[in-house]
1. In nanometres, what is the gap between the two model label sites at residue 19 and residue 6, each 7 Å from Cα along Cα-to-Cβ?
2. Carbon and sulfur together cover what percent of the accessible area of region 1-86 at a 1.4 Å probe radius?
3. Using modelled backbone amide H atoms (1.01 Å from N, in-plane), which distant-in-sequence or interchain residues come within less than 5 Å of residue 4's amide H?
4. With Cβ to Cβ distances under 15 Å as the rule, what net charge do the other residues near residue 54 carry (K, R +1; D, E -1)?
5. Order 34, 117 by their accessible area, 1.4 angstrom probe, all chains in place, largest first.
6. What ³J(HN,Hα) values, in whole Hz, does the Karplus curve 6.51 cos²θ - 1.76 cosθ + 1.60 give for region 50-60 when θ = phi - 60°, with x put for Gly and Pro?
7. Amide H to amide H under 5 Å from residue 125: which residues, 5+ apart in sequence or cross-chain, H placed 1.01 Å off N in plane?
8. Can you compute 3J(HN,Hα) from phi for each residue in region 62-76, using the Karplus curve 6.51 cos²θ - 1.76 cosθ + 1.60 with θ = phi - 60°, rounded to whole Hz and x for Gly and Pro?
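The values are calculated or read from the model by the stated rules, or taken from the named source; none is laboratory data. This structure is a prediction, so every number in the text was calculated from the model and none was measured. Because the Cβ atoms are built from the backbone with ideal geometry, glycine has one as well, and the counts that use them run over all protein chains shown. Side chains are part of the model used for accessible areas, which takes the heavy atoms of the whole protein and leaves out ligands, DNA and RNA. Shrake-Rupley method; radii C 1.70, N 1.55, O 1.52, S 1.80 Å.
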Amino acid sequence: DTVIDLKYHGFIPDTYIPDPRNKIEVYKRIGGIRSEEEIADVVAGIEDRYGKLPALIEKLVALSRLRVLASGLRVVSIFEKPGRIEIEFSTESRVRPELLPKLLEKENDRLKLVPGRPELLLVELPKDPVSSENPELEEKIGLVMGLLRKIQEKEAAPPPPGAVKRHG
């Protein structure tokens, strides 16, 4: 499973689920999501019992959605550090991080590789020009999801004609 540590404030409001035991159960259900299909089932179950999801719970679901995508690409961890997000790929991943800047040319100015750590990709966070604050959780999830989806598309694309197929 991918470990995700993005800075945010999120909780289930008492106005949505007043009973602490029920809150814990919902946290566990959201945290236990392992597939896209499960996301829809969990959300439907919560909404059937408690009503439309408030924005704070939607953030938790978005984190689970990110974890599902990242796990499929064999991302070990996604950690937020000051001014950046570090995405670490498993050494068993099909994704070759040293090729990522070329694959993700439009984001190239935002991506950095760490010398001696080819499995680590650094993504610079955009700062709010007025407040110099880091983006909100939704923006961070959107940024990382967008990058991972592009990587997923590139990985799923057939090799160009004449390309040598890698084995192993």
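1. 3.1 nm
2. 54 percent
3. Hits under the 5 Å cutoff: 78.
4. Value of the local net charge: 0.
5. Descending order: 34, 117.
6. Computed from phi, the couplings for region 50-60 are 10, x, 3, 5, x, 4, 4, 6, 4, 5, 5 Hz.
7. 84, 85
8. For region 62-76, the Karplus curve yields 4, 5, 5, 4, 5, 4, 4, 4, 5, 4, x, 9, 6, 7, 6 Hz.
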